[in-house]
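Take a look at the structure set out below.
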Amino acid sequence: MKEITPPDKSIIKHSFASRLSLYILGVCALTFMVAASIFQVTAQRIVKQEASRHAQSELSNVVGIIDDLLLQVQTTTSNMEWAVQKKLDSPDELIEINCQIIRNNKHIIGSSIALRPDYYPEKGKMFAPYAFRKEDGSIERKNLGTADYDYHSQPWYTEAEESGEARWSDPYFDRGGADDIIATYSYPIKDASGKMIAVLTADISLKELADKVLDIHPYPNAYCFMLDCKGHYVVHHKRARILYQDIQTATNYMADRNIEKLIEGMLNQQSGMEKIMDGDKPCYVFYTPINTSGWPVALVCPKEEVYAVIDELTLTIVSVFVLGGLFLLVMCRWIIHRISSPLKQFSKAATQVAHGQLDATLPEIKSEDELAYFRNTFEYMQHSLREHINELELTTSIKNRMEGELQVARRIQMGMIPKVFPPYPERAQLDLYAHLQPAREVGGDLYDFFIINNKLYLIVGDVSGKGVPASLVMAITCRLIRLIAAQTDSPAQMAKALNDSISEDNNTNMFVTMFIGVLNLENGEFRYCNAGHNPPVLALPDSEARFHEVKPNIPIGVMCGFDFTEQSMQLPNHGTLFLYTDGVNEAENKSAELFGNKRMLSVVRRHSCEPVKAIVEHMMNEVNQFAGDAAQSDDITMLCLRYHQAGNDKKAAKPPQTLTIYNDMAQMVQLPDFIEGYCSRLPIPGSLTLSLNLAIEEAMVNCVQYAYAKDEVGEISLSIQWDNEGHELTFELRDKGAPFDPTAAPDPDTTLSAEERPIGGLGILLVRKLMDTVSYSRQSGQNVLTMRKKIYAHTTT
Amino acid sequence: MQLIITDNGDKLTGTIIGRLDTVNSEQFNNDMQPLMNAADRHIELECSQMEYISSSGLRLFLTLRKQVAAKGGKLVIRNINESISEVFSITGFFNLFEIV
């Protein structure tokens, strides 16, 4: 049996807890990554929208403020038109209007009324009274038109004159008045005919606007700038650019198509947003124009700052997840370990149970879950195992007791059949052997034989079924037979009496097939009755074995009152009668093939010259060999009888015969006939006769050649004697020659090669080998060579 | 006892019929002389009809065997029956002859 060892704990390479934790973490990580991706995309979209909205609102806010401021300036200026018209006739008072304007609007730093050339002839070609606010807040007056400042060529004047409409100039550095970057609102004053007579102006300092614009900081590095209508920077945190550089030049180095779109949009006074690359930094640029003056304002926001909030958020979420994951891992392991720790205890308990400790302690399970269910099942298993083992122990003890009883029953049963062989050693004419081999401890086969009044009773029977029930019927039958046999020597009468007795109250419907024979030992008459049994086998020495035809009748116990037919025959001298049960010819091998009648007859025939014990033993061996590993399915019984008509048969009481020849080789021709003639009446197979002949011939030729001298004539006699009781042939070879012991010569070496072998010396070897015993003696002047051969014990050497 | 010798060119076949005992071994000795003379050839002894052999017969077989060995021929014994086979086995002749 293969040895089973407890499972090795070292096979656990990845514990349940760590595996489950990893699975849970894996699923969580996957879920998180999907959620994070969705979040990232959505957040980017929302942040971008929000940033855009925020930037635009900041932008429009400042633009609104500027617009407001500019509008106030416009209103303040235009409101003074009537005053100018009214004061046109008194040129020196015009300056007061300018002062009034400055006073009216704190954003206005300077104001002038620039009259067209030579409007007042007395004032010269250029007359432009100009008031401006000084740093201390006082208002100073002066005339703009001087020799080095021809205001008529200044854009604020020319543009108003050309268009005939009020308008804002682009910011410029004013050298004539404020000495600062200013923008001028020019309002044309026209006479009744619509001809422009003067330009009323209001200057504002760009510084104020710049402060508002530069103040916009929605992101740390975001900045705002403003252009004039031609694209020059007017507000920029890099002051050097102001008025000296235009946006086209400043952005020349950027190879970005969006820049062109941006510039085009800004210069066309549109609103919008462009994404540009400022060097390697992506930026969003929002732009919108100031309505009143048309100056485009732009807000530049670095993308990374816009999205900084997302990165921050992402970092937070990832940190939370990583920490959460670690926490989850630790918790999972702890919880699973806590849940699965009873499993280890169960495993320990199972090992203990395996070692026979059925009451191994189980872990306490307080929860009402699968583990609790498992614990109950385990407990149930322990309980059931205990019960089964108890039951098994009980069953085993019962079985042992029954087996013991069966063994006793077997001994009793075997005691009921005669088992001493040879049973009648004093009766030379009988050779009898029987064998019974039950398929189980006890069986339903039976045989019996006994002699009453010089008659041999033979019984072989087979009770239907096997085992204990059959054995009980067998026992009854055995006892009844003996009782009945004491009253009758007729097999049919015996069968009838037995049948009637057994049929009566045969509740179990068991029956017995039986062959009953009675042999008259005085004359060899054999009377028999076959009660449904297999026909016996009859064999003569060295001849075919065959079934002896019998009338079947019916088995014993089937029908009360049945009259059995009796038959009789003369048992042939030296003939073999083989009785058996169907356990022999119906023995099965593993392929469910039957041993069969043919094999059975063949075994009887092949061994018909051997003692009956040998026939039975050979039969048993052949049956066992044939059945192989197949379990014996039926009881096997054999009874074999050979009858020699000793004393009654004249042929059998063979007197010794003697052949006498002279020492002439030609006389040897008589030998074969002499030997065959004697042996033909004995139970000797032909092949044995031939080998006996050979041995005698060799011994006799030896005498013919060497017993006497060549010219001498002497007698050589051979006598044969058959010993019927000993089944032995004795040959005696006598001559009156010089003493010579042929048995003294050593055997030739039969292993030599052809070249080494001497030609002679084979004769005596053959004699020795073919006979059982060879002995030499010298009796009353004669050489006597005695050779003996047992006929049944050894047919071959 | 009869020994019939046939020659089919390839080999000589001696068919033995009946008993080869001591009495007729002399005759067999004479009959087999053609075989002795042809001992340099392939000789077969056909024994299916040989009923019996005594030691004298065996001696003649051995004589022929020696002759054949000396002259470089070949001797084959065919179809010996069961009892002769027993005699061959007792005397160790199975070792000496090619028996088929």
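Distance distribution note for region B:14-99: the fraction of Cα pairs above 18 angstrom is 36%.
Multiplying the residue separation of A:Val41 and A:Asn509 by 0.36 nm and subtracting their alpha-carbon distance yields 158.8 nm. Under the convention that each Lys and Arg Cβ holds +1 and each Asp and Glu Cβ holds -1, the size of the dipole of chain A around its Cα centre is about 1060 debye.
If R0 is 35 Å, the Cβ-Cβ spacing of B:Lys74 and A:Ser687 corresponds to a FRET efficiency of close to 0.70. When Rg and Dmax are taken over the Cα atoms of region A:661-797, they come to 15.2, 47 Å. Spatially, region A:436-484 and region A:333-391 are offset by 59 Å when compared through their Cα centroids.
Could you tell me which of the pairs A:Lys142/A:Lys212; A:Lys87/A:Lys190; A:Lys123/A:Lys207; A:Lys466/A:Lys590; A:Lys598/A:Lys790 are separated by over 22 angstrom between their Cα atoms in the structure shown? List each step's numbers first, then the result.
Working: A:Lys142/A:Lys212 30 Å; A:Lys87/A:Lys190 13 Å; A:Lys123/A:Lys207 34 Å; A:Lys466/A:Lys590 20 Å; A:Lys598/A:Lys790 29 Å.
Those over the limit are A:Lys142/A:Lys212; A:Lys123/A:Lys207; A:Lys598/A:Lys790.
Qualifying GluC sites (Glu not before Pro) in region A:315-370, where qualification requires a DSSP coil assignment and no more than 15 other C-beta atoms within 10 Å, comprise A:Glu364, A:Glu368. Between A:Ala630, A:Tyr424, A:Ala308, the Cα set farthest toward the positive side of the dipole of chain A (charges on each charged residue's Cβ, about the Cα centre) is that of A:Tyr424. Residues of region A:762-784 with an amide N closer than 17 Å to a point placed 7 Å from the Cα of A:Glu715 along the Cα-to-Cβ direction: A:779-784. Mind listing the long-range amide H neighbours of A:Asp772? Cut-off is under 5 Å, sequence gap 5 or more, other chains count too, H placed in the peptide plane at 1.01 Å from N. HN-HN under 5 Å from A:Asp772: A:Arg788, A:Lys789, A:Lys790.
Pairs of alpha-carbon atoms within less than 8 angstrom and 6+ residues apart define the contacts here; what relative contact order does chain A have, in percent?
For chain A, the relative contact order is 7 percent.
Across region A:1-152, the relative contact order, built from alpha-carbon pairs under 8 Å that are at least six residues apart, equals 12 percent. Place a point 7 Å from Cα of A:Glu393 in the direction of its Cβ. Which residues in region A:325-369 have their backbone N less than 18 Å from it? Answer for region A:325-369: A:353-360. The phi-based Karplus calculation (6.51 cos²θ - 1.76 cosθ + 1.60; θ = phi - 60°) puts the 3J(HN,Hα) values of region A:223-233 at 8, 10, 9, 9, 10, 8, 5, 9, x, 6, 6 Hz, whole numbers, x for Gly and Pro. Mean separation of Cα pairs under 8 Å and 6 or more residues apart, divided by the residue count, gives chain B a relative contact order of 27 percent.
Per-residue Cβ counts within 10 Å, from other chains only, averaged over A:754-761: what number is that? Walk me through the numbers on the way to the answer.
Values: counts 10, 5, 0, 8, 2, 7, 4, 3.
Taking the mean over all residues of the peptide, I get 5.
Mean residue ellipticity at 222 nm, helices only, chain A: -13500 deg cm²/dmol; runs of at least 4 DSSP H residues each add -39,500 (n - 2.57), and the sum is divided by the number of residues. 3J(HN,Hα) along region A:768-784: 5, 6, 8, 9, 6, 9, 10, 9, 10, 8, 10, 10, 6, x, 10, 7, 10 Hz, from the Karplus curve 6.51 cos²θ - 1.76 cosθ + 1.60 with θ = phi - 60°, whole Hz, x for Gly and Pro.
Amide H to amide H, with H built 1.01 Å from N, A:Ile451 comes under 5 Å of A:Tyr457, counting only residues 5 or more places away or on other chains. A crude spin-label estimate for the pair A:Arg175 and A:Thr743, with each label 7 Å from Cα along the Cβ direction, gives 17.2 nm.
Find the Cα radius of gyration of the protein assembly as shown, compare it with 2.2 N^0.38 Å by division, and give the number to two decimals. Each step should come with its number before you reach the end.
Values: Rg = 72.1 Å, N = 897, 2.2 N^0.38 = 29.1 Å.
Rg over 2.2 N^0.38 Å, computed on Cα atoms: 2.47.
Label-to-label distance for A:Gln357 and A:Lys48 is 7.2 nm, based on points extended 7 Å past Cα in the beta-carbon direction.
Near the amide H of A:Leu144, within less than 5 Å, lie the amide hydrogens of A:Ala128, A:Tyr130, all on another chain or at least 5 residues away, with H placed in the peptide plane.
The numbers here are math on the coordinates, done by the rules we state, and not lab data. Just so it is clear, the structure is predicted and the values come from calculations on it, not from any experiment. Every residue, glycine among them, receives a Cβ derived from its backbone with ideal geometry; neighbour counts consider all protein chains shown.
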